[in-house]
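This report concerns only the one structure given below.
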Amino acid sequence: MDNKRKYVIPGDLVTTGPFRPEQNVVLEGNRIIATAIGISEIYDDAVKVIPLTGKYIPKINDLVIGKVVSHSSLSWELDINSCYVGFLPATDVFGRDFSAHADELTSKLRTGDLVAARIANFDRTRDPLLTIADRDLGKIDSGDLVKISPSKVPRLIGKRGTMIQTIEMATNAAITIGQNGWVVVSCEDPEGLLKAKKAIQMVDEQAHVANLTDQVKEMLEKKGES
Amino acid sequence: MGGRESELVLLDENGIRCDGRKVDEPRRIMIKAGGLKNADGSAYIEFGDNKILVGVFGPRDVHPKHMSNTDTGILRVRYHMEPFSVTERKNPAPSRREIEISKVIKEALEPAVMLDKFPRTAVDVFIEVLQADGGTRCAALSAASVALADAGIPMRDLVAACAAGKVADTVILDVNNEEDQAGQADMPIGYMPNLEKITLLQLDGVLTPEEYKKCVETGINGCKIVYDLQKKALHDKYFGNGGD
């Protein structure tokens with residue numbers, strides 16, 4: 001498995017032969033070529049490149065954190081750190097008996113508010129449609145926003161959530177990670193908040209380092225003693 | 001051109017050019033990926049005495065809206081020379097030459113970038129020439145493709161560029177400013193090394209069919225040298241020294 005992993009840049013040949021091209025690769029004849037800077041992976045019959053850079057591309061069912069930028073009488077527009085603006089319809093927030101005359105949108109969400117939302121629908125013809133109708137979704141009342149590169153979100157979560165659990169347990173902070181690279185950290189203890197933010201930034205900067213979970217753990221414990 | 005042709009020897013009897021290079025030797029090239037914090041991707045290139053900085057934004061919203069395309073993303077390129085990039089102050093307003101080079105670079109990058117995944121968006125490439133010494137369009141194109149890769153724009157291949165030309169009836173690689181002014185021909189070439197496809201080819205001057213073929217060949221060899229450096233720049237930024 002590990003010997004099939006390779007560092008690639010656009011144009012590099014990943015492999016040749018009958019493989020299924022998945023994300024960030026193209027098929028040219030029988031050659032599979034990388035289209036992004038990243039790490040190539042070959043498993044079973046598929047080939048993909050895990051990107052190390054790039055903007056967030058919305059995917060259905062992703063949890064994202066958005067910031068309200070404006071609203072009309074029927075919907076809000078959210079900045080979701082992507083090339084498209086997120087579209088949150090008022091009926092999603094007020095329920096089905098929403099009336100454009102009776103309900104004032106600003107009573108629920110104002111410009112500048114942070115919202116945890118899920119992407120309900122997205123295709124290439126329309127802007128992503130958001131929903132907050134689920135557990136743990138909706139307006140975020142407290143916490144600090146940390147911005148990291150969207151391509152490093154999987155690293156921050158870690159294998160089966162190990163990295164994020166390490167940080168949460170060491171600092172007692174509650175961390176909400178949006179797939180779009182925006183992370184909200186809230187913690188009662190101001191020192192824990194600072195430490196958690198520092199740990200997240202450390203993951204963002206040193207995502208390529210092996211054994212990062214242990215290093216983060218070490219950093220968190222060292223600060224705790226002093 | 002001035003009156004310097006008389007005293008300038010472009011190619012001496014030992015096959016050494018006016019700046020001490022051999023006929024098939026490029027100038028010193030240094031490429032660095034990244035470096036600008038606010039741009040989504042960036043690159044800096046030193047190509048002999050050329051110094052060029054490139055910043056890339058996007059994919060992002062298109063303004064003005066009517067330029068957007070519902071089928072695909074669009075690529076926009078601005079090539080700009082600083083007023084201090086040449087010996088005599090250059091007016092910072094875009095000149096006819098800069099508009100042409102912007103268009104030529106855009107069209108040389110288009111076969112490489114794959115923007116069909118980002119409909120209704122734009123990718124903006126800003127090229128700033130800090131210091132010019134002949135062959136800026138090739139250097140700018142090479143740096144722009146590194147900056148696009150740094151921004152994570154999907155690309156089929158990098159575009160490497162280098163010029164070839166003719167001075168004193170000899171085909172040479174990487175034409176510098178003096179050779180461009182007093183030489184017989186200048187041929188900038190943009191090339192995708194893995195796909196083996198040419199994306200830019202211009203020619204200023206007169207060549208015989210044989211010289212033309214030799215020129216293209218020489219230029220492509222130059223592009224391969226540039227490509228190795230582009231590759232190194234990206235490996236240095238993303239994989240550190242441990243990259244394979």
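Look at segment A:120-130 and say how many of its residues are part of a strand (DSSP E or B) and either farther than 19 Å from A:S70 by Cβ or outside the structural domain of A:S70 (by TED's automatic domain parsing) (or both).
Residues of segment A:120-130 that are part of a strand (DSSP E or B), as a first pass: A:120-123, A:126-130.
So of that shortlist, the ones also either farther than 19 Å from A:S70 by Cβ or outside the structural domain of A:S70 (by TED's automatic domain parsing) (or both) come out as A:120-123.
So the count comes out to 4.
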Problem set entry | Yes/no for A:N24 being at pLDDT 90 or above and away from chain B (no Cβ under 12 Å) | no
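Take B:G219 and decide whether it is small (G, A, S), more than 14 Å from chain A (Cβ to nearest Cβ), in contact (Cβ under 8 Å) with a residue 12 or more places away in the chain and closer than 18 Å to B:A108 by Cβ.
Working: small (G, A, S): yes; more than 14 Å from chain A (Cβ to nearest Cβ): yes; in contact (Cβ under 8 Å) with a residue 12 or more places away in the chain: yes; closer than 18 Å to B:A108 by Cβ: yes.
It is true that B:G219 is small (G, A, S), more than 14 Å from chain A (Cβ to nearest Cβ), in contact (Cβ under 8 Å) with a residue 12 or more places away in the chain and closer than 18 Å to B:A108 by Cβ.
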Exercise. Out of all the residues in segment A:162-178, is one or more buried (at least 17 other Cβ atoms within 10 Å of the Cβ), under 17 Å from the mean Cα position of the chain (by Cα) and free of Cβ contacts under 8 Å to residues at least 24 places away in the same chain?
Worked result: yes
Seminar exercise, completed: The condition from (1) crowded, with 23+ Cβ neighbours inside 10 Å; (2) touching an Asp or Glu at 6+ places or on another chain (Cβ under 8 Å); (3) not in a helix (DSSP H, G or I) that B:D186 misses is numbered (1)
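To keep it simple, each residue is scored yes or no on (1) closer than 27 Å to B:K37 by Cα; (2) surrounded by fewer than 21 Cβ atoms within 10 Å (Cβ to Cβ); (3) over 25 Å from the mean Cα position of the chain (by Cα); (4) within 14 Å of chain B (Cβ to nearest Cβ).
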| position | (1), (2), (3), (4) |
| --- | --- |
| A:R20 | no, yes, yes, no |
| A:G29 | no, yes, yes, yes |
| A:T35 | yes, no, no, yes |
| A:I39 | yes, yes, no, yes |
| A:Y43 | no, yes, no, no |
| A:P58 | yes, no, no, yes |
| A:V64 | yes, no, no, no |
Seminar exercise, completed: (1) within 14 Å of another protein chain (Cβ to nearest Cβ); (2) assigned to a loop (DSSP other than H, G, I, E, B); (3) in contact with a helix residue (DSSP H, G or I) (Cβ under 8 Å, 6 or more places away or on another chain) all hold for B:L115 apart from (3)
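Taking the condition in contact with a strand residue (DSSP E or B) (Cβ under 6 Å, 6 or more places away or on another chain), outside the structural domain of A:V209 (by TED's automatic domain parsing) and either more than 28 Å from A:D134 (Cβ to Cβ) or without any contact (Cβ under 8 Å) to a residue 24 or more places away in the chain (or both), does A:P10 pass?
Working: in contact with a strand residue (DSSP E or B) (Cβ under 6 Å, 6 or more places away or on another chain): yes; outside the structural domain of A:V209 (by TED's automatic domain parsing): yes; either more than 28 Å from A:D134 (Cβ to Cβ) or without any contact (Cβ under 8 Å) to a residue 24 or more places away in the chain (or both): yes.
It is true that A:P10 is in contact with a strand residue (DSSP E or B) (Cβ under 6 Å, 6 or more places away or on another chain), outside the structural domain of A:V209 (by TED's automatic domain parsing) and either more than 28 Å from A:D134 (Cβ to Cβ) or without any contact (Cβ under 8 Å) to a residue 24 or more places away in the chain (or both).
Within segment B:124-162, track down each residue that is within 9 Å of chain A (Cβ to nearest Cβ) and among the hydrophobic types (A, V, I, L, M, F, W, C).
Just the residues of segment B:124-162 that are within 9 Å of chain A (Cβ to nearest Cβ), to begin with: B:145, B:148-158.
Within segment B:124-162, B:L148, B:A149, B:A151, B:I153, B:M155, B:L158 qualify.
The values are calculated or read from the model by the stated rules, or taken from the named source; none is laboratory data. Quick caveat, the model's predicted, so the values are computed rather than measured. When we count neighbours, we look across all protein chains shown, and the Cβ atoms used for this are built from the backbone with ideal geometry, even at glycine.
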